[in-house]
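Below is one structure; the comments refer to it alone.
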Amino acid sequence: MKPFHGMSSDRHHGGQFFTKGAHTGSHANIKTHAEEEPQRHRRFHRGELKGLVLHLLTQCPAHGYELIKAIGDQVGGDYQPSPGVIYPTLNALEAAALICAEGEDGGQEGRKAYAITEAGKAHLAAHAEQLSVLLQRLEQKALKQRARNNPQINGAMEQLKTALRNKFANSELTESSVAAIAQLLERAAQDIEQC
């Protein structure tokens, strides 16, 4: 299975998810600023943000800021693409005829709503396996982020810290009580690892 960025034989950049103009069949250079950044600074591999935007637009047309929020929700809320990333991505998709602007919406302060085109739907269908892998990866990241932000887990961690502070501050500790605390903590760690 090829990753999103392996969809062509672009020898300079290892290929991209979108390299052919949807209506002309000619090679189109639609890299965005985000794709030019070093890999370690990006949340998505080359082309994946475009694939995710197309996927979100299959659900309903959206403005740029609505897409920013939807992408943040999709990855667990710890990340949102900036306007400087999302708008060049939308421009690139529009230039490739994979999305179209539906016109200015006066109720939304004149912002354009974008909709996926038939060519965009066909493109997603042709790369359904890669999209599925991306969505599964994002779901795993979102699950981890929700676990880190879980109020029950955070509350329990605070209770543990408070209990330890109180025990060390207010009690006369013995060697056996220190050993018992250490065993309890070790057991809890082992139980957590086995969950």
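The values are calculated or read from the model by the stated rules, or taken from the named source; none is laboratory data. If you're wondering where the values come from, they're calculated on a predicted model, not measured in any experiment. Methodologically, a virtual Cβ is constructed for each residue, glycine included, from the backbone with ideal geometry; neighbour enumeration extends over all protein chains shown. Heavy atoms of the whole protein, side chains included, go into the accessibility calculation; ligands, DNA and RNA do not. Shrake-Rupley method; radii C 1.70, N 1.55, O 1.52, S 1.80 Å.
Can you pull out every residue in the stretch 75-90 that is assigned to a helix (DSSP H, G or I) and open to solvent by 50 Å² or more (accessible area, probe 1.4 Å)?
Selection gives 83, 87.
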What residue, among those in the stretch 142-182 that are open to solvent by less than 70 Å² (accessible area, probe 1.4 Å) and in contact (Cβ under 8 Å) with a residue 12 or more places away in the chain, is nearest to residue 45 (Cα to Cα)? 142
Residue 97 fails exactly one of (1) surrounded by 11 or more Cβ atoms within 10 Å (Cβ to Cβ); (2) on the phi < 0 side of the Ramachandran plot, namely (2)
Return the total of residues in the stretch 148-173 being acidic (Asp, Glu) and closer than 17 Å to residue 184 by Cα. 1
Test set (1) assigned to a helix (DSSP H, G or I); (2) at pLDDT below 90; (3) within 31 Å of the chain's Cα centre (by Cα) - residue 167 fails condition number: (3)
Report whether or not residue 138 is modelled with pLDDT under 90, more than 30 Å from residue 181 (Cα to Cα) and surrounded by fewer than 12 Cβ atoms within 10 Å (Cβ to Cβ). no
